[in-house]
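> There's a structure below that I have some questions on.
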Amino acid sequence: NLVYPYALLRAVNVLGTQEVLRLASQVKVTPVHYISTLDVFQSPSYFGKQVIREDEDLAHSDGFFNGYAQSKWVAEKLVMAARDRGIPVCIYRPGMITGHSQTGVSQTNDLMCRLIKGMVQLNAAPLLERKINMTPVDYVSKAIVHLSKQPESIGKAFHLLNPHPLHLSQLVNVMHILGYPIQQIPYEMWQSKLLDPEL
């Protein structure tokens, strides 16, 4: 949930990860495959970087936009500390996971689906120079399964994202082709319309 503050997500994302790591270190050390997010690089300290490498240091935690990214950053730091203490770990950082590439089956309550639904309901989309990285769930799940079976993956982090991000205007064009009369308008106008659909 990208709206909840850190305090509401701490129990699930931080304490839950802490418990998994505790269990992984009991009796027989067990490998941990941790699903993180690319949002751990949400700090403005990373803005302007053309490439963020998988082995990039998670040194910056300032300026996070939401509690989800904060809680995943803290949890990932716990996973890295466990790795440094000898627990075999892999970290997977997906981007925005979307529906299945072949069937179209999708979560309907996530950010992307809500954005598309909102644009359809308003017949408007924000005019932004923004690319959207939508990564199909079947690609992400197959990549994680494959990487988790490779002994050389232990101790590494993997970025799982679509190498071909879609420009927002391309998404709007596809929606036009599908019969939705969506007009791109300046962001401020779109935001006002979002708050008051009668505008």
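The values are calculated or read from the model by the stated rules, or taken from the named source; none is laboratory data. Quantities reported herein were computed from a predicted structural model and do not represent experimental measurements. Every residue, glycine among them, receives a Cβ derived from its backbone with ideal geometry; neighbour counts consider all protein chains shown. With ligands, DNA and RNA removed, areas are computed over all heavy atoms of the protein, side chains included. Shrake-Rupley method; radii C 1.70, N 1.55, O 1.52, S 1.80 Å.
> Sum -39500 (n - 2.57) across every DSSP H segment of at least 4 residues in the chain, then divide by the residue count to get the 222 nm mean residue ellipticity, nearest 500.
Helix contribution divided over all residues of the chain: -11000 deg cm²/dmol.
> Can you tell which of Val137, Ala24, Leu8 lies farthest toward the positive end of the dipole of the chain, using +1 and -1 charges on the Cβ of basic and acidic side chains (Lys, Arg; Asp, Glu)?
Ala24
> Starting from the amide H of Ala157, placed 1.01 Å from N in the peptide plane, find each other amide H under 5 Å away whose residue is 5 or more places distant or on another chain.
Sorted by chain and number, the residues that satisfy this are Ile91.
> Would you mind checking which residues have amide H under 5 Å from Leu127's amide H? H placed 1.01 Å from N; only 5 or more apart, or other chain.
Amide H neighbours of Leu127, under 5 Å, 5+ apart: Ile185, Tyr187.
> Under 18 Å from the 7 Å Cα→Cβ point of Val3, by amide nitrogen: which residues of region 153-193?
From region 153-193, the list is 191-193.
> Relative contact order for the chain using alpha-carbon pairs under 8 Å, separation at least 6, rounded to a whole percent? Don't jump to the answer; show the numbers that get you there.
On the way: 276 pairs, mean separation 46.7, N = 199.
Over the chain, the number comes to 23 percent.
> Which of rounded, prolate, oblate describes region 77-175, given a ≥ b ≥ c as roots of the alpha-carbon gyration tensor eigenvalues and a/c under 1.5 marking rounded, otherwise prolate only if a/b is larger than b/c?
The shape class here is prolate.
> For the chain, just say rounded, prolate or oblate: build the C-alpha gyration tensor, square-root its eigenvalues into a ≥ b ≥ c, call rounded for a/c under 1.5, and beyond that prolate if a/b exceeds b/c, oblate if not. Present the calculation step by step, with values, prior to reporting the outcome.
On the way: a/c = 2.26, a/b = 1.86, b/c = 1.22.
It is prolate, given that a/c is not under 1.5 and a/b is the larger ratio.
> Determine the relative contact order of region 94-199: mean sequence separation of Cα pairs under 8 Å and six or more apart, normalised by residue count, in whole percent.
Relative CO of region 94-199 lands at 38 percent.
> Name the most mobile residue of Leu178, Leu147, Leu166, meaning the one with the largest mean-square fluctuation, in a Gaussian network model of the chain with Cα contacts below 10 Å.
Leu178
> If you don't mind, there's one more thing I want to ask. Just check region 36-85 against the gyration tensor rule for me: Cα atoms, a ≥ b ≥ c as the square roots of the eigenvalues, rounded for a/c under 1.5, and otherwise prolate or oblate depending on whether a/b exceeds b/c.
It comes out oblate by the Cα gyration axes.
> Per residue, how much accessible area does the chain have with a 1.4 Å probe, in Å²?
Heavy-atom SASA per residue in the chain reads 61 Å².
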